[in-house]
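Below you'll find the structure, written out as structure tokens, and then a few comments.
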Amino acid sequence: MIETSRDDRGFPPALADVARAEFDYAEGEGVDFEPYEAFLSAEETTDWLRHWTGNHELDGDAFRVFGQDGTGGLAAIWCVRAGAPLAEQPVVFMGSEGETGVVAGDLSGFLWLLADGFGPMEASEYAERPARPDASLTALATRHATSPRRPAQEIIAAAGAEFPSFEEDLDALCR
């Protein structure tokens, strides 16, 4: 079971700014991402995780869900680094059809993904597509990121290398 000692549901300022940003789906060529204005509650997160896995013994304490794609796949901060603040936890995608992926190693990396035109679903499912930089999201990332800009593919690859068993770990929770 994934464990976390954090019960922090305060929404980071960077995600509050992301929630106010506009995402252009552009007929499948843009970003399919609908950010939330706050994290899902602990109860909603637990309910979602239990339904997603079919395992009603789980709780959602390890996840802070902050957005979705058009099919209902969810983006979340995965609280896997014991004692680390939310901004230093990885960002993951859990799709409506079972797709999974660690898309960024931390919130700063996620902001740079958005700046390059990748939402959580695109980072998880279409990591090799060309970057589509967005000036307003680049400005947002510049304001909030604590790490230098890196190309989206580099961020995605580093996150996958750091957490190579994420998909298998989730599969093991499914019933």
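No value in this document is a laboratory result; all are computed from the given coordinates. Keep in mind the model is a prediction, meaning the values are calculated, not measured. Reconstructed Cβ throughout: ideal geometry from the backbone, glycine too, with neighbour counts over all protein chains shown.
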Quick calc: nm separation of the 7 Å Cα→Cβ label points for Ala131 and Arg9 -> 3.7 nm
For segment 99-175, state which GluC sites (Glu not before Pro) are in a DSSP loop and have at most 12 other beta carbons lying within 10 Å of their beta carbon. Glu128
FRET efficiency, 1/(1 + (r/R0)^6) with R0 35 Å, evaluated for Glu22 and Ala42 via beta carbons: 0.75
Model label zone, Glu167; criterion: amide N under 11 Å from point 7 Å along Cα-to-beta-carbon; scope segment 98-121: 99-102
Stokes-Einstein diffusion coefficient for segment 104-175 at 10 °C in a medium of 1.306 mPa s, Rh from the Kirkwood formula over Cα pairs: what value in µm²/s? 125 µm²/s
What order do you get for Thr46, Thr71 when you list them from fewest to most C-beta neighbours inside 10 Å? Thr71, Thr46
Cβ-based exposure ranking for Phe163, Phe63, in which fewest neighbours within 10 Å come first: Phe163, Phe63
Convert 25 °C to kelvin, take the viscosity as 0.890 mPa s, use the Kirkwood radius over C-alpha pairs of segment 40-121 as Rh, and evaluate the Stokes-Einstein diffusion coefficient in µm²/s, rounded to a whole number. 190 µm²/s
What's the long-distance tail for the chain, i.e. % of Cα pairs beyond 28 Å? 15 percent
Taking other Cβ within 10 Å of each residue's Cβ, how do Trp112, Trp78 sort, fewest first? Trp78, Trp112
